[in-house]
Amino acid sequence: MIQINIDFQKCKACEYCVSICPKHVLALGEAVNAKGYHSAEVRFAEACVGCAMCAIMCPEAAIEILKSKDKLSERSEQ
Amino acid sequence: MEGCEAIAEAAVRVGCRFFAGYPITPQTEVPEYMSRRMPEVGGVFLQGESEIAAINMVYGAAATGTYAMTSSSSIGIALKTECISYLAAAHIPAVILNFQRGGPGIGNITASQSDYWQCVKGPGSGGHRCMVFSPSTLQECVDIMGTAFERSQRDRNPVIILLDGCIGNIREAVELPDMRPAPDIDASDWCLSGCEGRSPRQLLPYFRPDPKTCAEQACAMYERWQKEDVLVFEEALADAEVVLTSYGTAGRIVNSCARRLRDTGLRVGIIRPLTLNPFPAASFSGLDPAAVKLVIDVEMTKPAQMAEDVRLALNGRIPVKSLEIPSGVLPTDEDIYEGISAILQGEGIHGI
Amino acid sequence: MEFEYIYKKPSALTSKANSYCPGCMHSTANKLIAEVLEELDMVGKTIAVFPVGCAVLSADYFLTDMTIAAHGRAPSVACDIKRCRPDKLVFAYQGDGDLSSIGMCETIHTANRGENIAVIFINNAIFGMTGGQMAPTTLVGQASTTGGKSRNPDDVGYPVKMCELINQFKAPKYIARFAMDSVPHIRDAKKGIRKAFELQLNGGGYSFVELISNCSTNWKTTPLQSLEFIREKMIPYYPLGEFRVPEEM
């Protein structure tokens with residue numbers, strides 16, 4: 001199981017993550033953060049394969065990716 | 001010893017362990033000496049590719065807590081003022097020697113005093129000030145070196161020693177300070193050393209925490225200097241009817257002129273600032289207008305520059321006349337004696 | 001359920017949002033440097049030197065000892081921090097106006113002396129903070145507020161290629177140019193920064209890492225369009241790759 005944490009306040013909506021994600025997991029959200037940006041949000045978490053390309057592209061280091069250590073549950077999720 | 005070498009050796013002995021410089025007459029002997037001496041004491045010498053690079057090398061070295069110095073002449077100092085301003089803003093100490101030459105522009109290499117305004121009033125953009133020392137003799141130069149480094153470190157502010165080619169190239173007997181152990185840079189509580197085990201340190205050349213606090217702290221420091229750090233040579237002021245004032249090389253010549261004038265029966269006092277900033281204003285404001293008829297300011301530059309501070313200190317209570325030897329012309333004892341005599345004659349002042 | 005990180009924010013950066021524009025690759029470069037410092041366990045043993053220009057904004061986010069140098073002078077400051085504290089990792093972080101215009105002299109001579117520091121060069125082909133003026137690196141045909149709608153080489157010459165220039169000197173040990181427009185390029189860039197830092201820690205000498213970056217604000221593009229500009233205009237003129245690598249690497 002993959003967990004995607006996006007720092008709502010740090011995101012500046014550059015869309016690098018949205019454009020790079022091969023599984024179209026991410027999109028810009030409706031909500032606006034303190035700096036006035038439509039922060040990226042997770043739309044289809046279940047599609048995420050944990051490639052972390054979004055986090056690598058994110059200039060702000062606003063995305064952190066975690067995966068479950070439990071191999072069984074990971075397999076069953078997939 | 002030769003002036004430049006004695007001054008450089010004194011700096012080493014009081015703890016200077018970094019020197020960066022650039023060849024410019026009349027101070028090139030300082031980097032030459034340091035290039036040999038620094039490796040002997042475990043220090044670092046580097047010839048900068050420019051005056052600007054050299055002072056920025058000092059900025060980096062001094063930021064690590066190392067006692068660092070650079071040296072140049074007039075136009076070279078003009079280039080360095082960019083970084084002197086940064087040193088003041090980032091609170092990084094450094095000692096800067098200015099062997100003044102005739103100016104403006106490339107001028108000539110004759111001993112001159114045309115950088116008073118540059119060093120005392122505006123050593124860079126931004127309205128900061130540096131403590132400025134103005135020794136006359138080689139002994140004063142080497143004696144002042146320890147104080148210069150100590151105050152620079154204490155205030156975390158750049159210090160300028162205002163010299164000229166005459167002092168730099170003179171040969172006279174001098175007693176050097178004892179060799180002190182190199183300062184322990186790890187004992188410093190502000191320098192950059194890597195933040196392992198503590199919070200990160202930032203030496204930033206802009207308003208921290210805010211412009212108001214920065215300005216107030218700087219002003220408090222300048223006021224402290226004025227109260228505690230003035231150095232001045234005074235002679236025979238108690239019964240003086242005429243007071244001669246000058247600094248540096250002009251001060252040496254004025255000393256001997258004063259003796260000749262006293263032989264004519266004139267009661268001549270001397271005020272010779274050893275710090276130009278803080279300026280020894282109290283020495284002047286303490287003069288009795290009932291006794292002192294005239295203050296004569298002798299400077300190797302025209303128009304006179306220090307004269308402005310003399311007038312401010314006297315606040316119109318005693319007349320001031322300046323003997324102005326144009327920058328780029330090295331005066332003889334006779335030139336100055338005759339110049340002073342002419343001023344006295346013009347004012348109707350004479351000995352018995 | 002227990003989780004482990006696939007990607008974690010580097011601890012060498014503060015957690016507050018930085019002041020860079022959306023999509024600005026200064027942020028990417030900061031992140032990569034911070035990741036490498038953490039991987040090498042050097043955060044507490046690093047002294048960073050930041051410059052003047054947009055690159056100075058990075059100073060607010062690194063949790064290392066640091067100072068800021070006057071415009072263009074960062075290499076002179078950095079090299080003598082290193083000479084006085086040889087056991088510390090020292091890097092200068094500079095933009096193209098700073099490094100290749102006002103600081104060209106310091107850049108070249110520090111490289112030529114082979115000072116044991118790393119210089120990280122952010123090349124976005126324009127003056128960023130001052131608002132889009134022509135830099136030495138501005139491309140032929142590129143618009144700027146001081147070079148008109150199109151840089152004219154007959155008038156102001158051609159864009160300076162810093163890696164190629166520094167590659168003329170004998171002393172530098174590692175010279176490389178990377179981009180940050182894609183995941184593979186970002187991975188390469190990080191490896192390059194790591195090589196530069198490791199080289200320094202092994203007493204190796206001068207390294208110069210150029211990172212092709214963007215400025216969507218002054219290029220007048222969206223962040224995503226700026227990626228295209230990098231691929232179509234910047235990389236063809238500024239070829240990526242390692243120009244010089246020490247034998248032991």
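Observations
- Cα gyration tensor shape for the range C:1-150, rounded if a/c is under 1.5, else prolate or oblate: oblate
- Pairs of alpha carbons in the range B:232-346 separated by more than 23 Å make up 19% of all such pairs.
- Simple point charges give the picture: +1 on the Cβ of Lys and Arg, -1 on the Cβ of Asp and Glu, and for the range B:3-228 a dipole about the Cα centre of about 500 debye.
- Per-selection metrics, the range B:194-237 (Cα): Rg and Dmax in Å: 17.9, 58
- Using C-alpha pairs under 8 Å with a sequence gap of at least 6, the mean separation divided by the residue count of the range A:2-77 gives a relative contact order of 39 percent.
- Student exercise, the range A:2-77 dipole from Lys, Arg, Asp, Glu Cβ charges, in Debye to nearest 20: 140 debye
- Nearby aspartates and glutamates by direct alpha-carbon distance to residue C:88 (threshold 15 angstrom, same-chain neighbours under 8 apart not counted): B:186, B:196, C:38, C:41, C:65, C:80, C:115, C:198
- Among the listed pairs A:67/C:45; A:12/C:31; C:9/C:31; C:170/C:233, those whose Cα-Cα separation exceeds 20 Å are A:67/C:45; C:170/C:233.
- When each of the peptides A:9-19, B:257-267 is scored by the mean number of other C-beta atoms lying within 10 Å of its residues, the order from highest to lowest reads A:9-19, B:257-267.
- Distance between the 7 Å Cα→Cβ label points at residue B:288 and residue B:214: 4.8 nm.
- Computed over the alpha-carbon pairs of the range C:25-244, the distance histogram in 10 Å steps reads 9, 37, 38, 14, 2 percent, short to long.
- Lys pairs under 28 Å by Cα in chain B, provided they are eight or more residues apart or on distinct chains: 13
- Volume per residue that the Cα convex hull of the range C:118-177 spans, once the total is divided by residue count, Å³: 88 Å³
- Derived scalar couplings ³J(HN,Hα) [the range B:235-240; Karplus, 6.51 cos²θ - 1.76 cosθ + 1.60; whole Hz; x for Gly, Pro]: 9, 6, 7, 4, 10, 5
- Computed helical MRE - 222 nm, chain A, DSSP H runs ≥ 4 contributing -39500 (n - 2.57), nearest 500: -4500 deg cm²/dmol
- Report note on the peptides B:340-346, C:162-168: ranked by the mean count of other C-beta atoms within 10 Å, highest first, their order is C:162-168, B:340-346.
- For chain A, A:11, A:14, A:21, A:48, A:51, A:58 have no disulfide-compatible partner, since no other Cys C-beta lies under 4.7 Å from theirs.
- Each peptide in A:31-38, B:1-8, B:123-130 was scored by the mean count of other Cβ atoms within 10 Å over its residues; highest first, the order is B:1-8, B:123-130, A:31-38.
- Look at where the Cα atoms of the range B:17-40 and of the range B:89-125 average out, and the two centres are 18 Å apart.
- Positive-end residue of C:97, C:147, C:203, charge dipole of chain C with Cβ unit charges: C:147
- Alpha carbon centroid spacing (whole Å) that separates the range C:192-222 from the range C:97-133: 11 Å
- When trypsin sites (Lys or Arg not before Pro) are flagged only if DSSP places them in a loop and at most 10 other Cβ atoms lie within 10 Å, the longest unflagged stretch of chain C comes out as C:17-148.
- Cross-link reach list, aspartates and glutamates versus residue C:161, counting only Cα pairs under 18 Å and skipping chain neighbours closer than eight places: C:96, C:98, C:106, C:210, C:232, C:242
- Distance from the C-alpha centroid of the range C:13-44 to that of the range B:277-329: 57 Å, rounded to the whole angstrom.
- Between the beta carbons of residue B:226 and residue C:40, assuming R0 = 56 Å, the FRET efficiency works out to 0.65 to the nearest 0.05.
- Debye log10 I(q)/I(0) at q = 0.05, 0.06 Å⁻¹ for the protein assembly as shown, Cα point scatterers: -0.31, -0.43
- Inter-chain Cβ neighbour average for residues A:8-20, partner chain, 10 Å: 5
- Equivalent-ellipsoid semi-axes of chain B, from the Cα gyration tensor, Å, largest first: 37, 22, 17
- Taking amide hydrogens as placed 1.01 Å from N in the peptide plane, the amide H of residue C:244 sits under 5 Å from those of C:175, each at least 5 positions away in sequence or on another chain.
- Counting only other chain Cβ atoms within 10 Å of each residue's Cβ, the peptide B:48-56 averages 6.
- Whether the range C:104-226 is rounded, prolate or oblate, judged on the alpha carbon gyration tensor where a/c under 1.5 counts as rounded: oblate
- More than 15 Å apart - percent of Cα-Cα pairs taken over the range A:2-77: 52 percent
- The helix-based estimate of mean residue ellipticity at 222 nm for chain C, built from -39,500 (n - 2.57) per DSSP H run of four or more residues and divided by its residue count, is -8500 deg cm²/dmol to the nearest 500.
- Dipole of chain B, positive direction: furthest Cα of B:322, B:192, B:242, with charges on the beta-carbon: B:192
- Over chain B: helical MRE at 222 nm, DSSP H runs n ≥ 4 each giving -39500 (n - 2.57), nearest 500: -12000 deg cm²/dmol
- Note on C:6-15: average number of Cβ atoms from other chains within 10 Å of each residue's Cβ is 5.
Rule-based calculations on the coordinates, nothing more; no lab input. Computed from a predicted model, the values in this text were never measured in an experiment. For neighbour counting, all protein chains shown are included, and Cβ atoms are generated from backbone atoms with ideal geometry for every residue, glycine included.
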